[in-house]
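Before any comments, here is the structure.
The values are calculated or read from the model by the stated rules, or taken from the named source; none is laboratory data. Predicted model, so just to flag it, every value in this text is computed and none were measured. Here the Cβ is made from the backbone with ideal geometry for all residues, glycine too, and neighbour counts use every protein chain on show. Remember, those area values only see protein heavy atoms, side chains included, never the ligands or the DNA or RNA. Shrake-Rupley method; radii C 1.70, N 1.55, O 1.52, S 1.80 Å.
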Amino acid sequence: MDDERAGTRWVFAVPTGLLTLVAGFFCWAALTIRPSGAWDDDAYAGIVLSCVLAVGAAGGVVAMWVVPSVRRVVPWWWVSPALVLGVVSGVRWGLAF
């Protein structure tokens, strides 16, 4: 049984890891973009876009993990970094204005 799950774990681990990296990049971008002033609409648009993409990637990881067959082979702690990044991005999105 473990031999079969090892292959399945890799199949689900690759998209989980890639989506977590994407969420991390866009969360980092959202946190490092600084508007020059209240008039800097382009910077605010960049923050919102980065947050939306980070939350979307993190949501994809969580949505994939919710499927019972994935939950059996992928432990919860593989999903927790993406979930934290999604929450941080959501907070940044809320504070962008």
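Observations on the model:
- The range 40-89: radius of gyration over Cα atoms, expressed as a fraction of 2.2 N^0.38 Å: 1.40
- Rg(Cα)/(2.2 N^0.38 Å) for the chain, N = residue count: 1.28
- Estimated from helical segments only, the mean residue ellipticity of the chain at 222 nm is -27500 deg cm²/dmol, where each DSSP H run of four or more residues counts as -39500 (n - 2.57).
- Taking only protein heavy atoms and a 1.4 Å probe, the accessible area of the chain is 72% carbon and sulfur.
- Val91 accessible area, assembled protein chains, probe 1.4 Å, Å²: 80 Å²
- Span-like helix ranges in the chain, DSSP H, alpha carbon extent 18 angstrom or more, Kyte mean at least 1.0: 41-66, 80-94
- Computed from point charges on the beta carbon alone (+1 for Lys and Arg, -1 for Asp and Glu), the dipole magnitude for the chain about its Cα centre is near 240 Debye.
- At an R0 of 22 angstrom, the distance between the Cβ atoms of Ser69 and Leu18 translates into a FRET efficiency of 0.70.
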